[in-house]
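Asker: The structure under discussion is supplied below as structure tokens; questions concerning it will follow.
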Amino acid sequence: MSSVSPLLIDRFKRVPRRSDETWQAGVVRLPTWIDDAGGGRYRLVAGLCVSLRSGRVHVKPADALRRPADLMVETLLEFAGKSSLAGCRAGRIELADSAIATDVTAALGDADLQIVVRDELPALRAVLADLAAGMESESPIPEALSGRGVTIDRMRRFADAAKAFYEAKPWRHLTNDDLIRVESPRIGDELSHVSVMGAGGREFGLAFLASRDDFDNLVSRQSPGESFRNRSHWSVSFGPIWELPFGDVDLFEDAQFPVASADAYPIAFEATLDEMSRPDAATLAYLEGVLRAIADSSEAELDRGRWTRTVVTADGGATYALALCDLVDQPRRSRRMPDRGGMESLLRGMAKTLADGKFERIEQANTALQKQFGGRAKQQARSPAKTSLETAQDLVEQAFDARGRRQLQLIRQAVAVCGDCADAYVLLAERTSDTDEAFDLYSQAMAAGERALGPGVFSEETGHFWGVVSTRPYMRARLGVAGMLQSRGRHDEAIGHYRELLRLNPNDNQGVREVLLPLLLELGRDAEAGELLSQYEDDGTALWTYARALWAFRVEGNSPSARKRLAEAVRTNRHGVKVLRADPALYDDAFDSYAFGSEEEAIVCARELSAAWRRTPGAIAWLKSTGRDGGKKAKFRR
């Protein structure tokens, strides 16, 4: 039964009718997203009516939960009743939904009105397309069905393959450093190599490249050549539904395509410098096959380096021959992580030489070290392993230089050789995007480090722990444990670990204080923060000077001393005030290094301290008023 006011319907019946007036109408999902209070988004539903005679349009958003038929009736009443719209009753109304048509007929009770159900309403579709074009970016992504030969059934098969891929979570076994070569079938160089995205926990999908060299340039973040930038690049990515073109959104909703989760709606596209396009039927079937083949691949097959999977796509059965480049080709050294194993390997070897030799004079020791290590490559200078731990550590050092699946194989060999190799567990923790798994691995690494060192080292070497090379795996593990505890909100435990790391190694080679200080300030533990600031009073980085200014403001208010601290911070980095005052999310922090005094350093500072500044009443206002001219411009070089 309709809830529309009978008074409104009576008014509608008194509006003059035009026999040549035809309307196309329906309840539609508008091509726009509305943010809800819970942080999600939803499509705005509205009644839409178009006059075929005048071209005038009326949109009535649904302002509350209501029956679609009632919304449709109210839209028609408003369209007829306003002179700025139709200003008349129609002789014919065309609807696409038979159930709504039945309810509208009953609600209006207009025997002379012709209500017709049609499968297609082109005028309505054109209005929605115009709305979508006006709301999208300058270079919108085309709809999936714009690809030549692509049908709804082919898109359903692609969606099913994408769901299987996402649920298989192949990024658990493949990192962004792994490159798979599709040796067959081949449909073009630009789709011959593929990297699985997802190990970082932020972007999920497949990225296609034309060659291993292109991949290495991207991995190392080198500037690609002009020919690379001008080529097209294919991707399959996953995200929430509102990241899809609205044509794809309607496909998924109307045809009820399968999806793995609310954050796993797939889209396949080709991007160039100037435009984006969607795959044709053959390319879509190829992408479907790649998704299915990788989803079905086992860890044992990955470890072999070369394997085949036969799958069924929209174009029939196909056998995909896949190969992990770093396992079947000449392995290439990782350029992502610093060579932290090389220098420590050299230091370990020198320590062993000094411990094993009986030198009466320093000259003899220097001569022995020069003979064994001088001018030799890291691999040549490595001393032969005498214990299972040393053998495992040698494997880990090789893993530092490796990447992808090859690195994982070396790490697992190290754990199998010696369960006390802390660095092996640390590397495993760094590779996983599962926080629970990472926490467990860091904890295992810390326990392994304690066993390997023994209690004597902790009592004898406190105060210069990092200087003893054998302690560094333990220190890395404990820092990892502390970070995981902090991310879980277990702040007291995390702070305990940070403090113990600084007690063992006050020189703080790991930068523990740069994590501990913002945490103490954010938690309001000002007395402890003040003690830490005093302990490292010579630290003149932007993070430290802006933290010192904040601490002074908290303790003393707007005192001359606090203003002096802020002036010192501004002299250290003149960008800090601007960046701290702004929303930290507005600044891109995707850089690998920064210079002192640079805007990049200020962004790092704000990323760590912004929460503490904002939780301090009056601090941001004080920063704006006092820090605006507080100090000379810093001279710096990028």
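Asker: Give the number of residues within the stretch 417-426 that are under 16 Å from Ala385 (Cα atoms) and outside any loop (DSSP other than H, G, I, E, B).
Answerer: Adding up the residues that qualify gives 1.
Residues are listed down the side, and each one gets a yes or a no for (1) touching a Gly at 6+ places or on another chain (Cβ under 9 Å); (2) surrounded by 13 or more Cβ atoms within 10 Å (Cβ to Cβ); (3) of a type in the set (A, V, I, L, M); (4) at pLDDT 90 or above:
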| residue | (1), (2), (3), (4) |
| --- | --- |
| Met72 | yes, yes, yes, yes |
| Gly81 | yes, yes, no, no |
| Ala86 | no, yes, yes, no |
| Ser98 | no, no, no, yes |
| Ile115 | no, yes, yes, yes |
| Gly134 | no, no, no, no |
| Ser139 | no, no, no, no |
| Arg148 | no, no, no, yes |
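Asker: Right, Leu287: crowded, with 16+ Cβ neighbours inside 10 Å, part of a helix (DSSP H, G or I), touching a Gly at 6+ places or on another chain (Cβ under 8 Å) and aliphatic (A, V, I, L, M) or not?
Answerer: So Leu287 does not fit the description; no.
Asker: A further question follows. Which condition does Pro518 not pass, out of (1) in contact (Cβ under 8 Å) with a residue 24 or more places away in the chain; (2) in contact with a helix residue (DSSP H, G or I) (Cβ under 8 Å, 6 or more places away or on another chain); (3) under 30 Å from Cys421 (Cα atoms), if it passes all the others?
Answerer: With respect to (1) in contact (Cβ under 8 Å) with a residue 24 or more places away in the chain; (2) in contact with a helix residue (DSSP H, G or I) (Cβ under 8 Å, 6 or more places away or on another chain); (3) under 30 Å from Cys421 (Cα atoms), Pro518 is out only on (3).
Asker: Here's something else I'd like to know. If you check Arg53 against the conditions, is it surrounded by fewer than 16 Cβ atoms within 10 Å (Cβ to Cβ) and touching a Ser or Thr at 6+ places or on another chain (Cβ under 9 Å)?
Answerer: Yes; evaluated as a whole, the condition is true for this residue.
Asker: Could you list, in sequence order, the residues of the stretch 503-515 that are touching a residue at least 12 places away in the same chain (Cβ under 8 Å) and under 32 Å from the mean Cα position of the chain (by Cα)?
Answerer: Asp508, Asn509, Gln510, Val512, Arg513, Glu514, Val515
Asker: Spot the failing condition for Phe228; the list is (1) modelled with pLDDT of 90 or more; (2) surrounded by 13 or more Cβ atoms within 10 Å (Cβ to Cβ); (3) not hydroxyl-bearing (Ser, Thr, Tyr), and only one is missed.
Answerer: For Phe228, the exception is condition (1).
Asker: I'm trying to understand the selection: among the residues of the stretch 529-561, which are part of a helix (DSSP H, G or I) and farther than 27 Å from Leu502 by Cα?
Answerer: Scanning the stretch 529-561 gives Glu556, Pro560, Ser561.
Asker: Oh, and also: In the set Thr541, Thr545, which member is under 27 Å from His575 (Cβ atoms), assigned by TED's automatic domain parsing to the domain that holds Ser610 and at pLDDT 95 or above?
Answerer: Thr545
The values are calculated or read from the model by the stated rules, or taken from the named source; none is laboratory data. Remember, predicted model here, so these are calculated numbers, not experimental data. Cβ atoms come from the backbone with ideal geometry, glycine included; neighbour counts cover every protein chain shown.
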